[in-house]
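Novice: Provided herewith is a single structure, encoded as structure tokens, for subsequent inquiry.
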Amino acid sequence: MRLLSIQARFFVVTINSLAFGAEMLCKPEALGYFLKNVMSGQLKGEKVYHGIAVSAGVCRGKAIVLRQARHAIAKRELAPAEVEVEVKRFEQSLVRTRQQITDIQRRVSQTMSSSEADIFDAHLLMLEDRVLIEEVIKQIRDQRANADYAFHAASEHYISVLEAVQDEYLRERAADLRDLTGRVLDNLLEVKDQFDLRHLQEPCILVGHDLSPSMTAQLDKKYVLGFATDIGGKTSHTAILSRSLDIPAVVGAQNISEELETGDYALLDGYNGTLIVNPTDQTLFEYGQLVKIKASLGEKLKEVKHQPAVTLDGKMVHLSANIEDQHDVESVLAHGAEGVGLFRTEFLFINRENLPTEEEQYTVYREVAAALKPNSVIIRTLDIGGDKFASHLQLAQEMNPFLGWRAIRFCLAQPEIFRHQLRAILRASAEGNVRMMYPMISGVEELAQANAFVEKCKDELRAEKISFAENLEIGAMMEIPSAVLVADSLAKRVKFFSIGSNDLIQYTLAADRTNEKVSHLYEPTHPAILRLIKMTVDAAHAHGIWAGVCGEIAGDPMLTALLVGLGVDELSAAPAVIDQIKYLIRRIKLSEAQQLAAFALNCESPSEILARCVEFARATAPSLFETRA
Ligand code: PEP
Ligand code: MG
């Protein structure tokens with residue numbers, strides 16, 4: 001009897017609180033339509049989602065939507081002192097869930113009409129249902145049950161009651177409550193990445209809220225046609241990996257992981273940053289044309305593959321590639337790069353249970369050096385932290401990981417990890433043309449400390465009679481504004497600079513490289529960035545060393561002339577774009593590129609500078625840009 005009255009109260013509260021209003025309640029078919037077709041993403045007509053294009057190419061196929069799996073819920077008896085803490089934890093999970101839902105609702109209202117977004121009001125009102133909340137708190141207090149168990153039990157009970165009623169409208173509310181329950185449980189259990197992408201069985205387009213670099217690194221290229229995410233920016237490491245895998249990708253597409261369902265048929269346009277669900281025949285035809293244009297461009301690019309990257313008036317630009325592991329070398333050679341300008345070694349450290357040994361690292365570095373000989377490979381020492389984490393290192397969560405214990409800071413504080421890597425790099429230097437650089441150098445002292453470690457390792461190897469290149473060249477990445485401001489001091493102590501523009505932009509403009517909400521502020525053509533690049537190049541040349549760029553701007557054909565005009569000696573980019581950059585360099589004159597750079601250095605507006613660069617690039621090599629809207 002008591003149970004029935006609670007159920008009845010719950011219905012009343014829930015139904016009354018379903019804020020669709022009388023109008024909506026009179027039209028259950030309309031609501032059913034939205035729930036079945038809009039919210040579950042199975043709309044039959046074509047629907048276009050816009051995001052940020054981060055990796056070129058077009059693909060189409062079945063979407064697989066990565067949603068977080070739920071943990072098994074186990075009952076745990078709380079100690080008396082834990083009870084109120086648990087109540088608080090439960091309340092906080094409700095607050096967090098509320099924030100997430102209003103966020104989704106806001107985003108949905110931007111892509112659909114606001115009435116469609118109102119559907120989430122039902123979720124919000126269920127979330128505030130006092131009957132449910134009080135029942136959970138009562139269980140926590142009276143039975144000393146853990147919050148996830150108490151919440152799961154209470155909501156499952158109401159779900160089963162709703163599912164059993166005759167009224168179709170009420171039955172559909174069960175799905176809402178299940179969805180909401182999952183969300184609250186995710187927050188209570190702090191469910192994070194749980195997808196194992198190693199077991200994909202058929203080619204698909206992956207859709208998710210986010211893909212972490214460790215998830216992306218697991219992708220089996222055979223089965224991944226492309227991917228699209230709700231969040232992310234052009235230079236997040238996930239985006240960089242997609243380019244290096246040469247898989248079309250769109251990030252920052254807002255709420256696609258909420259709206260699409262596994263099995264939806266989609267077309268992904270990595271040139272223009274769109275994902276089209278249920279494309280019409282007309283759309284498929286148009287994209288067929290795009291693929292043809294791309295194929296004919298491929299033929300043109302083949303012609304330059306084995307030609308030098310030299311401007312029409314004779315300026316040689318060293319063109320090298322960025323790699324993440326030894327398997328990428330094949331692609332470097334196939335695309336005609338002159339060696340590797342950035343070997344991101346951290347991918348040897350993630351997706352494993354333990355640290356790679358010195359021997360393991362040596363084997364990989366040696367393999368790369370030997371395959372590229374006589375061309376060089378610049379091995380970057382470990383840059384863990386930021387958005388790249390190795391779970392076995394168990395780094396504490398930080399408030400600002402990009403400003404925290406990352407890269408050289410981490411290595412200097414972890415001498416054994418650093419030592420093994422340095423010894424492995426030094427040993428590999430005996431087998432090929434190896435150079436080394438440190439990430440995130442902020443000033444002279446950090447550089448001196450890192451160099452002291454290297455000297456110690458050299459002494460050890462000498463004592464062990466293990467050979468290495470005595471004259472191994474060491475460079476500094478220029479990716480923190482402070483380093484650029486003391487570039488003259490650093491230039492006296494290194495053999496080269498490599499500008500890490502991905503970080504230099506985020507640190508200079510205070511715009512997180514992984515956050516799509518500030519992507520409009522992340523402007524490579526901001527005058528501050530161009531001045532920093534020029535200062536780095538000038539300091540390098542004044543001290544007789546060279547300066548390259550290995551951040552993502554080096555692989556953007558729109559910016560090639562600008563960088564060449566600023567005096568950059570080397571560009572290092574994803575293997576797949578090397579031929580395009582070379583094609584462009586071979587069509588420009590250094591004198592014109594210098595005029596473009598002079599204009600940019602005197603201009604105050606990032607968008608005007610970008611527009612001038614785009615105009616220049618399109619006029620110089622129109623066929624490179626036919627695939628872009
Ligand atoms: C950069 O910051 O530009 C860079 C090349 O390093 P990463 O992207 O690995 O931080
Ligand atoms: Mg960097």
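Novice: Return the residues of the stretch 544-580 that are hydrophobic (A, V, I, L, M, F, W, C) and within 23 Å of the chain's Cα centre (by Cα); say none if nothing qualifies.
Specialist: Residues satisfying the conditions are Val549, Cys550, Ile553, Ala554, Met558, Leu559, Leu571, Ala573, Ala574, Ala576, Val577, Ile578.
Novice: What are the pairs with Cβ atoms under 8 angstrom where one residue, in the stretch 501-519, is basic (Lys, Arg) and the other, located anywhere, is assigned to a loop (DSSP other than H, G, I, E, B) and near ligand 2 (Cβ under 10 Å from one of its atoms)? Sequence gap at least six, or different chains.
Specialist: Correct list of pairs: Arg513/Thr235.
Novice: Just for the stretch 154-179: of the residues that are modelled with pLDDT of 85 or more and open to solvent by 40 Å² or more (accessible area, probe 1.4 Å), which one is nearest to the chain's Cα centre (by Cα)?
Specialist: Step by step, filter the stretch 154-179, then rank; the result is Glu156.
Novice: Tell me, which helices (runs of 4 or more DSSP H) wholly within the stretch 366-464 include 2 or more residues that are open to solvent by 10 Å² or more (accessible area, probe 1.4 Å) and acidic (Asp, Glu)?
Specialist: In the stretch 366-464, 444-463 are the helices (runs of 4 or more DSSP H) which contain 2 or more residues that are open to solvent by 10 Å² or more (accessible area, probe 1.4 Å) and acidic (Asp, Glu).
Novice: Here is a check on your reading of the model: is Ala561 in a helix (DSSP H, G or I), open to solvent by less than 10 Å² (accessible area, probe 1.4 Å) and within 12 Å of ligand 1 (Cβ to nearest atom)?
Specialist: No: the conditions fail for Ala561.
Novice: So which residues in the stretch 477-497 are over 17 Å from Arg406 (Cβ atoms) and either within 25 Å of the chain's Cα centre (by Cα) or within 14 Å of ligand 2 (Cβ to nearest atom) (or both)?
Specialist: Of everything in the stretch 477-497, those that are over 17 Å from Arg406 (Cβ atoms) and either within 25 Å of the chain's Cα centre (by Cα) or within 14 Å of ligand 2 (Cβ to nearest atom) (or both) turn out to be Val484, Phe497.
Novice: Pairs please, first residue from the stretch 600-613 and crowded, with 18+ Cβ neighbours inside 10 Å, second anywhere and of a type in the set (Gly, Ala, Ser) and part of a helix (DSSP H, G or I), Cβ atoms under 6 Å, 6+ apart in sequence or on different chains.
Specialist: Partner pairs satisfying both residue conditions: Ile609/Ala600.
Okay, residues lined up against (1) in contact (Cβ under 8 Å) with a residue 12 or more places away in the chain; (2) closer than 19 Å to Asp512 by Cβ; (3) more than 15 Å from ligand 2 (Cβ to nearest atom); (4) of a type outside the set (Asp, Glu):
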| site | (1), (2), (3), (4) |
| --- | --- |
| Asn354 | yes, no, yes, yes |
| Gln361 | yes, no, yes, yes |
| Asp383 | yes, yes, no, no |
| Ala396 | no, no, yes, yes |
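Novice: Report, by residue number, each residue of the stretch 290-335 that is farther than 15 Å from Arg587 by Cα, of a type in the set (Val, Ile, Thr) and over 26 Å from the mean Cα position of the chain (by Cα).
Specialist: The one that is farther than 15 Å from Arg587 by Cα, of a type in the set (Val, Ile, Thr) and over 26 Å from the mean Cα position of the chain (by Cα): Ile293.
Novice: Go through the residues of the stretch 469-484 one by one and say whether even a single one is more than 16 Å from ligand 1 (Cβ to nearest atom) and on the phi > 0 side of the Ramachandran plot.
Specialist: Checking the stretch 469-484: not a single residue is more than 16 Å from ligand 1 (Cβ to nearest atom) and on the phi > 0 side of the Ramachandran plot.
Novice: Identify, by number, the condition in (1) in contact with a His (Cβ under 9 Å, 6 or more places away or on another chain); (2) under 19 Å from Ala617 (Cβ atoms); (3) surrounded by fewer than 24 Cβ atoms within 10 Å (Cβ to Cβ) that Leu571 doesn't meet.
Specialist: Of (1) in contact with a His (Cβ under 9 Å, 6 or more places away or on another chain); (2) under 19 Å from Ala617 (Cβ atoms); (3) surrounded by fewer than 24 Cβ atoms within 10 Å (Cβ to Cβ), only one is false for Leu571: (3).
Novice: Just to be sure before I move on: is Arg531 closer than 17 Å to Leu610 by Cβ and not polar (S, T, N, Q) in the structure I sent?
Specialist: yes
Novice: Out of Ala428, Ala396, report the one residue that is hydrophobic (A, V, I, L, M, F, W, C), more than 15 Å from ligand 1 (Cβ to nearest atom) and touching a strand residue (DSSP E or B) at 6+ places or on another chain (Cβ under 7 Å).
Specialist: After applying the criteria, what remains is Ala428.
Novice: Step by step: first the residues of the stretch 336-376, then only those that are under 22 Å from Leu571 (Cα atoms) and of a type in the set (Lys, Arg), then the one that is farthest from the chain's Cα centre (by Cα). Which residue is that?
Specialist: Among those residues, the one meeting the criterion is Lys373.
Novice: Okay, moving on. With the requirement that a residue be assigned to a helix (DSSP H, G or I) and within 13 Å of ligand 1 (Cβ to nearest atom), what does the stretch 490-523 give you?
Specialist: Residues satisfying the conditions are Ser501, Asn502, Asp503, Leu504, Ile505, Gln506, Tyr507, Thr508.
Novice: When residues of the stretch 209-251 are filtered for being at pLDDT 90 or above and outside any loop (DSSP other than H, G, I, E, B), how many remain?
Specialist: 9
The values are calculated or read from the model by the stated rules, or taken from the named source; none is laboratory data. This structure is a prediction, so every number in the text was calculated from the model and none was measured. Please note: Cβ atoms are built from the backbone with ideal geometry, for glycine as well, and neighbour counts cover all protein chains shown. What goes into the accessible areas is simple: the full protein's heavy atoms, side chains included, and nothing from ligands, DNA or RNA. Shrake-Rupley method; radii C 1.70, N 1.55, O 1.52, S 1.80 Å.
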